[in-house]
Amino acid sequence: MAKTILAVDDSASIRQMVSFTLKSAGYDVVEAVDGQDGLDKAKSKSFNLVLTDQNMPRMDGLTLIKSLRGLPQYASTPILMLTTESSDAMKSQGRAAGATGWLVKPFDPQKLIEVVRKVIG
C-alpha cells in the first residue's frame, strides 16, 4: 500500500509541484491550503509524513508542527519543513518545534524524493 503524505502550503503551484513529484514516485498525496486546513486533515486521517511550508495564513508551519506533535498519533511522524526560510535561527525553531528535517525552496524534485525515501522509505 502506498504511503500517504500531507502537503501543506498556501501556494497552489508549490502544492501541485510537490504533489506531482511525490505521486510520480509512488506516494499518495493529500493537499492542504494552510496550517489550519493541514491540522484538520491530519486529525481526520493518518499520514506517514507531513510536509509543511512556514509562512501561511491562519496557522504557520511551526504552529502546525507543535500542534501535530501534541497529538499522540503524530508524536513520531516525520515532519519536513519546505520553505524559503533558510536562516539558522528559523531552523533551530523548527527543530525545537519538532521538525524532522528542512528543505529550502525552490526545491529540486529529485532531492525531495530522496529525502522522503530516507525518512519513510
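Data overview
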read-out: The stretch 54-66, residues that are under 18 Å from ASP10 (Cα atoms) and assigned to a helix (DSSP H, G or I); value: GLY61, LEU62, THR63, LEU64, ILE65
read-out: Residue list for the stretch 1-13, filter: surrounded by fewer than 20 Cβ atoms within 10 Å (Cβ to Cβ) and within 19 Å of GLY35 (Cβ to Cβ); value: THR4, ASP10, SER11, ALA12, SER13
read-out: Positions within the stretch 97-121 being in a strand (DSSP E or B) and either β-branched (Val, Ile, Thr) or surrounded by fewer than 13 Cβ atoms within 10 Å (Cβ to Cβ) (or both), in sequence order; value: VAL104
read-out: The one condition in (1) part of a loop (DSSP other than H, G, I, E, B); (2) at pLDDT 95 or above that LEU80 fails to fulfil; value: (1)
read-out: Inter-residue pairs, beta-carbon under 7 Å, first within 21 Å of LEU112 (Cβ to Cβ) and in the stretch 51-70, second at pLDDT 95 or above and among the aromatic types (Phe, Trp, Tyr), 6+ apart; value: LEU68/TYR74
read-out: In the stretch 71-96, the residues that are surrounded by 16 or more Cβ atoms within 10 Å (Cβ to Cβ) and either within 22 Å of ASP40 (Cα to Cα) or in contact (Cβ under 8 Å) with a residue 40 or more places away in the chain (or both); value: TYR74, THR77, PRO78, ILE79, LEU80, MET81, LEU82, THR83, GLY94
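The values are calculated or read from the model by the stated rules, or taken from the named source; none is laboratory data. Computed from a predicted structure; not experimentally measured. Every residue, glycine among them, receives a Cβ derived from its backbone with ideal geometry; neighbour counts consider all protein chains shown.
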